[in-house]
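Note sheet for the following structure.
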Amino acid sequence: MEFIFKSKNIELDDRIRNYAEKKIKNKIVRILDNVINIEMKFIYEKNPRINLDNKVEVTVFTPGSTIRATDSGSDVYEAIDKVSSKLERLIKKYKEKLVSRGRKSEGKKEFAGIGKDIEFEKDDSSKIRDSIVKVKTFDIKPIPPEEAILQMEMLGHDFFVFINSESGKTAVIYRRKDKNYGLIEPSL
């Protein structure tokens, strides 16, 4: 298992790394068996209007999912403590859902939608193409909608693209404003 540190606008010394490893890595390994790697991002916001200017984002990669937690604090240690608590709650929630479904471990690979370039025939195609600032590509495998909701929640996203194992079609699950979920599937 790798423990990766990244930083922006902050210099990470050994004290911070050791503290983060003690608070985050040991807690995660104790709860989850099959962790591939853990990535920690430390960000210092230079804006003087932001009181909680030290932000920590932790992403845990397992064979079955990706779990992400983010929190901020007035100093790096406070942010690590806050994100540690939040991450522990997310991991326990994930573990409970696996157990309630009768699974022994996280056996599937992470998957999400595939982002590709879009072709336009109008004169505005260059303007539209320039507005695409990020393209993501992911492996995608069939899963039931319930698993897609779990993946979406663990990533902290509002939608999730997947292949519905029940229908065999590409689908999108999304969080509605009324706190329920919606499922979009194409009809052919």
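Each value in this text was obtained by applying a stated rule to the coordinates, not by laboratory testing. Owing to the predicted nature of the structure, the values given are computational and were not obtained by experimental measurement. Please note: Cβ atoms are built from the backbone with ideal geometry, for glycine as well, and neighbour counts cover all protein chains shown.
Calculated mean residue ellipticity at 222 nm for the chain: -9000 deg cm²/dmol, from DSSP H runs with n ≥ 4 weighted as -39500 (n - 2.57), summed, divided by the residue count and rounded to 500. Angle check, please: helix 76-100 long axis (alpha carbons) against the longest principal axis of the chain (alpha carbons), in degrees 0 to 90, nearest 10. The angle comes out near 50 degrees. Label positions at GLU185 and SER7, each projected 7 Å from the Cα along the C-beta direction, are separated by 5.0 nm. Placing unit charges on each Cβ (+1 for Lys and Arg, -1 for Asp and Glu) gives the chain a dipole about its Cα centre, and among PRO48, THR170, MET1 the Cα reaching farthest toward its positive end belongs to MET1. Modelled label positions at ASP33 and TYR19, each set 7 Å beyond Cα in the direction of Cβ, lie 3.4 nm from each other.
Once you've got the Cα coordinates, tell me which of LYS8/LYS177; LYS136/LYS169; LYS41/LYS97; LYS22/LYS141; LYS6/LYS179 are over 30 Å apart. Pairs exceeding 30 Å: LYS8/LYS177; LYS22/LYS141; LYS6/LYS179. Determine the shape class of the chain: with a ≥ b ≥ c the square roots of the Cα gyration tensor eigenvalues, call it rounded for a/c under 1.5, and otherwise prolate if a/b is greater than b/c, oblate otherwise. It comes out oblate by the Cα gyration axes.
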